[in-house]
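To start, the structure under review is shown below, and the notes come after it.
The values are calculated or read from the model by the stated rules, or taken from the named source; none is laboratory data. Every value quoted in this text rests on a predicted model; they were computed, and no experiment measured them. Note that each Cβ is placed from the backbone with ideal geometry, even for glycine, and that neighbours are counted across all protein chains shown.
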Ligand code: COA
């Protein structure tokens, strides 16, 4: 795999981030949603980029509320999956979050999303509850997963 780095998302990354989002999710965030997120002090917006050409390979957004980090968006571009990018990107994001005072992390995940559930379990997240009909398009329950 080509060398990559993790860093804070910049405005110039947003078109690439939104393009990955568009082909990944049924209710994708728009470019403006990501730009709004960049303006909030309480949000950690991380991208994984190729060191060679700064191409965005994946992204992770985490919202802070006091000592809690809520991981709200994680994706890796389809061509770059199964290379350990999401695992390393989440580890990096959680380390950065801890430096900002986050002690526990939680997230919601579709109960059918086995790849993501395995990813989170591998990082130490555990199922802590279930939210009925949390998702639309298609309607589905979410596992609430917590780490820390
Ligand atoms: N099937 C089963 N397990 C999988 C998997 C798959 N397709 N993809 C990842 N995993 C699990 C494995 O345990 C893997 O460890 P291993 O490779 O040692 O077996 C671990 O996750 C880490 O995998 P990694 O290569 O870091 O994941 P990735 O970079 O491919 O990204 C997702 C994983 C879930 C972020 C990616 O598939 C994706 O973007 N999916 C669509 C968006 C999404 O579902 N986001 C999460 C919303 S809550």
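Here are the numbers:
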{"read-out": "Hits in the range 63-80 - residues which are within 8 Å of the ligand (Cβ to nearest atom) and more than 14 Å from the chain's Cα centre (by Cα)", "value": "78, 80"}
{"read-out": "The range 78-99 residues that are surrounded by 15 or more Cβ atoms within 10 Å (Cβ to Cβ), paired with ones that are part of a helix (DSSP H, G or I) and modelled with pLDDT under 95 (beta carbon under 6 Å, 6 or more apart)", "value": "none"}
{"read-out": "Residues located in the range 1-31, provided they are under 21 Å from residue 137 (Cα atoms) and exposed (fewer than 14 other Cβ atoms within 10 Å of the Cβ)", "value": "22, 23, 25, 26, 27, 30"}
{"read-out": "Contacts under 7 angstrom Cβ, first residue in the range 115-133 being without any contact (Cβ under 8 Å) to a residue 24 or more places away in the chain, partner exposed (fewer than 12 other Cβ atoms within 10 Å of the Cβ) and not in a helix (DSSP H, G or I), 6 or more apart", "value": "133/139"}
{"read-out": "Residue identified as more than 11 Å from the ligand (Cβ to nearest atom), within 17 Å of residue 27 (Cα to Cα) and surrounded by 11 or more Cβ atoms within 10 Å (Cβ to Cβ) among 140, 103, 108, 126", "value": "140"}
